[in-house]
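The values are calculated or read from the model by the stated rules, or taken from the named source; none is laboratory data. Bear in mind the structure is a predicted one, so any value in this text is a computation, not a measurement. Note: ideal-geometry Cβ built from the backbone for every residue, glycine included; neighbour counts use all protein chains shown.
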Amino acid sequence: MTVPAGTDPYVPGHGDASYSVGHYDLHLGYKVDRNRLDGDATLFCEARGDVTALELDLHTLRPSKVFVDGRPVRHQHRRGRLVVRPPRRIPAGVEFEVRVRYAGNPRPVRSRILGTAGWEELEDGVLVASQPHGAPSWFPCNDRPDDKATYSLTLTAASDYQVAFTGELVDRRRGASSATWMYEQEVPMATYLAAVQIGRYDVTELEAPVPMRSLTPQPPDSAGYDAAFGRQPEMMAYFQDAFGPYPFPSYTCVITHDDLEIPLESQGMSTFGRNFMADDWDCVRLVAHEMAHQWFGNAVTLGAWRDIWLHEGFACYAEWLWSEQSGAASTQTRVDHHHARLSELDEDLVIGDPGPRLMFDDRVYKRGALTLHALRCEVGDTTFFRLLRTWVEQHVGGTVSTRDFVAHTSAAAGRDLTALFDAWLYGAGLPPVPKL
Ligand SMILES: [Zn+2]
C-alpha cells in the first residue's frame, strides 16, 4: 500500500503523510553578518505506508548530500520539496534515518495567500516566526502540524550573541570567537513552533512559579518593560490555576531590539518587538495571549489549520480572563464590547473553517473567544475550568480537532453540546451575547 503525500489544504505543498518524524537532530552553524547557515539535520522517521520515495520540505537552502540509514542516496530539490529515494522500499512501520547536509542564505518562505513566515534577519540578529508555513526556511522537515517530534539543536554563532531555542539549554561552550549552544526539546513540538532567536540580549531570570526568563534589548527600557511585561510571573500563576500546570519545563520571553508588527508564539517561548514595551492594554493583552498559547496551540495543537480557533479563540479568551484577574475590565465587559463590535462586521466567514486567506482574521479570534464564553455560561464555572484543564492534561504533546473538543465538552457537561458549537462556529449569524 502506498499512502499518498497528504497535505493540509490551508498549506498546500507542505508535508508528507507517508512517514512521520519522531526526532530532529539539528546541527547548525550561522554567520550573522553574512546570513549564512550551514546545516546538518538527521530526521529519525517511521514509514506510515510502504515508502519508495519520500518528500521533505526545504526552501531556498541547498542540500549537498542526503543519506538514508547512513548511505548516500539520490535526491531532487525543486520548489521547496526535497524528494529522497531510498535504495529500496521501506515497509510500513519500519524506522529509518534521513540525514541532510545543506547550506545557504535563509530567508522567509513566501506564499501568495499566507504571506511570509520563517527565518528572518533583524537589524542585528535573527528571529524565526514560522506560523504556519515557515519551518522549511531553516531546516528540512515534514512540515505538518500533526507530525510533532522531539528536537536536539546544536548551533554555533559568534560569541557576542545570545542564542535562544524552543527547548532547554543543556550545554554552552565558548571558543575564542564563537559559542556553541546545545538545546533539547523533549515535549513533542510541531515544526512551525520550532524557533531560534539570535541577538544581543540581556538575560533576566524571573522569580516565578516556573522557570521563566526575559531576553531584553540593550539598552534596557525598564519603565516600558514593567508596564507590559512586569506581571508575567503573576500571570503564569493565574493561568496555571485556570488551565492546569504549565506544560513545558520553562518559559522564555524575547523582546527584540527591532519593532515588530505582531508578537509570535513558539514552544516555551514568545517573541515581541520592543514597541510592545509600553503602558497600554493592547500590549498587556498580547503578553497574556502569547503566554496562553503555551497551553492552547503549543502543548495542545490543531491537527489541521481549519481548526485555528482552537488556538486563537482560546488565547483571546485568556486575555479577557487576565483582564478581570489583573483588575482591569471584567471578562463579561470584554465579551459585551467585542460582541457589539462583531455584530457590526460582515459575517462572511465560518469560524470553524475560515479558509487560508482568513485564517488569522480578527473575527476568528473574537468569535472563537465568545464561543468559549458561551460554553462557560452553558456549563458553569466549575465544569468550564475543569474541562479546560482536562483538555490540556489529556492532549499535551498531541494534536486535536474541533470534533474532539465538542466531544470532550459534551462528556464533561453530561449532555450533547453540538448545537452550541454549530451555532457559534459554523452558523451564519452571530448568536446573542452570552451572559454569566
Ligand atoms: Zn495568537
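Structure data summary
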{"item": "Residues that are more than 16 Å from the ligand (Cβ to nearest atom) and either surrounded by fewer than 17 Cβ atoms within 10 Å (Cβ to Cβ) or β-branched (Val, Ile, Thr) (or both), drawn from the stretch 259-274", "result": "Asp259"}
{"item": "Condition check for Ala288: outside the structural domain of Ser130 (by TED's automatic domain parsing), among the small types (Gly, Ala, Ser), touching a residue at least 40 places away in the same chain (Cβ under 8 Å) and within 14 Å of the ligand (Cβ to nearest atom)", "result": "yes"}
{"item": "Boolean, Thr371 is polar (S, T, N, Q), buried (at least 17 other Cβ atoms within 10 Å of the Cβ), in a helix (DSSP H, G or I) and modelled with pLDDT of 95 or more", "result": "yes"}
{"item": "For Thr383: the one exception among (1) touching a helix residue (DSSP H, G or I) at 6+ places or on another chain (Cβ under 7 Å); (2) crowded, with 24+ Cβ neighbours inside 10 Å; (3) β-branched (Val, Ile, Thr)", "result": "(2)"}
{"item": "Residue within the stretch 305-325 that is away from the ligand (no atom under 16 Å from the Cβ) and assigned to a loop (DSSP other than H, G, I, E, B) present", "result": "no"}
{"item": "Failed condition for Arg101, given (1) touching a Lys or Arg at 6+ places or on another chain (Cβ under 6 Å); (2) buried (at least 19 other Cβ atoms within 10 Å of the Cβ); (3) not β-branched (Val, Ile, Thr)", "result": "(2)"}
{"item": "Set Val66, Val83: member being crowded, with 22+ Cβ neighbours inside 10 Å and without any contact (Cβ under 8 Å) to a residue 40 or more places away in the chain", "result": "Val66"}
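Matching residues to (1) outside the structural domain of Met269 (by TED's automatic domain parsing); (2) touching a residue at least 40 places away in the same chain (Cβ under 8 Å); (3) assigned to a loop (DSSP other than H, G, I, E, B):
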| residue | (1), (2), (3) |
| --- | --- |
| Glu121 | yes, yes, no |
| Leu127 | yes, yes, no |
| Asp143 | yes, yes, yes |
| Thr156 | yes, yes, no |
| Asp160 | yes, yes, yes |
| Val170 | yes, no, no |
